[in-house]
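Reading through the structure tokens given below for one structure.
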Amino acid sequence: MKIALACDHGGLNLKNEVIKYLESHGYEYKDFGTYTTDSCDYPDYALPAAEAVANGEFDRGIVICSTGIGVSIVANKVPGIRCAHCHDTYCAEFTRLHNDANVLAMGEKVVGPGYALKIVEKFLTTQFEGGRHQRRVDKITAIEKKYCK
């Protein structure tokens, strides 16, 4: 599985912890930045990561800022992206099971690094259930097609 990663200055420390996790578990990834704590604009990093997932270059994405809110809004502007802002393992599991979310958003100031890595693990290891949930994902896709031209 290939993972696209991105953060702004407020998510750099947590992104670096996620990188260590990915490397220790054998995941292939690309870091779309940022690489310093200098103030920057989260859309500049979350957008290319989300686009890389949407175009099939990567299987999943993880985007991080201080709260996770800004990067999730940006990622969800990209057709084909279902970005879930998760702060616990239950949400991470069920957004994969029921929503087939392909991008995870987290906030460095919201969730500690130890628990964040459990969220990442649940997000990366849980498979989509399909079935009745596929019908709902298909409806999301239809909404995108209607409004994202």
Fill in: Summed residue charge, Cβ within 12 Å of P48's Cβ, Lys/Arg positive, Asp/Glu negative
-3
Worksheet item: For the stretch 87-149, rounded, prolate or oblate, judged on the Cα gyration tensor with a ≥ b ≥ c (square roots of eigenvalues), a/c < 1.5 rounded, else prolate if a/b > b/c?
Response: oblate
Worksheet item: Where does each of K2, K149 land when they are ordered by accessible area, with a 1.4 Å probe and the largest first?
Response: K149, K2
Fill in: Accessible surface ranking that places the most exposed of D100, D8 first, with a 1.4 angstrom probe
D100, D8
Worksheet item: Leaving out ligands, DNA and RNA but keeping every protein chain, what accessible area does H85 have, in Å² rounded to the nearest 10, with a 1.4 Å probe?
Response: 70
Fill in: Convex hull projection area averaged over all views, the stretch 15-149, Cα basis, nm²
8.0
Fill in: Additional length obtainable on full extension of the chain from K20 to Y147, 0.36 nm per residue less Cα span
41.9 nm
Worksheet item: Tell me, what % of the accessible area of the stretch 72-135 is carbon and sulfur with a 1.4 angstrom probe?
Response: 52
Fill in: Per DSSP, loop GluC sites (Glu not before Pro) in the stretch 78-149 with at most 14 further Cβ within 10 Å
E129
Worksheet item: Which one of V137, V71, V111 is farthest out on the positive end of the charge dipole of the stretch 25-149, using unit charges on Cβ (Lys, Arg +1; Asp, Glu -1) and the Cα centre as origin?
Response: V137
Worksheet item: In the neighborhood of K145, defined by Cβ-to-Cβ distances under 11 Å, what is the net charge if each Lys or Arg adds +1 and each Asp or Glu adds -1?
Response: +1
Worksheet, complete the sentence: A student applying the Cα gyration tensor rule (rounded when a/c is under 1.5; otherwise prolate if a/b is larger than b/c, oblate if not) would label the stretch 20-98 rounded
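The values are calculated or read from the model by the stated rules, or taken from the named source; none is laboratory data. In this text, all values refer to a predicted model and were calculated from it rather than measured experimentally. FYI the Cβ positions are ideal-geometry reconstructions off the backbone, even for glycines, and counts take in every protein chain you see. Protein only, heavy atoms only, side chains kept; ligands, DNA and RNA dropped before computing areas. Shrake-Rupley method; radii C 1.70, N 1.55, O 1.52, S 1.80 Å.
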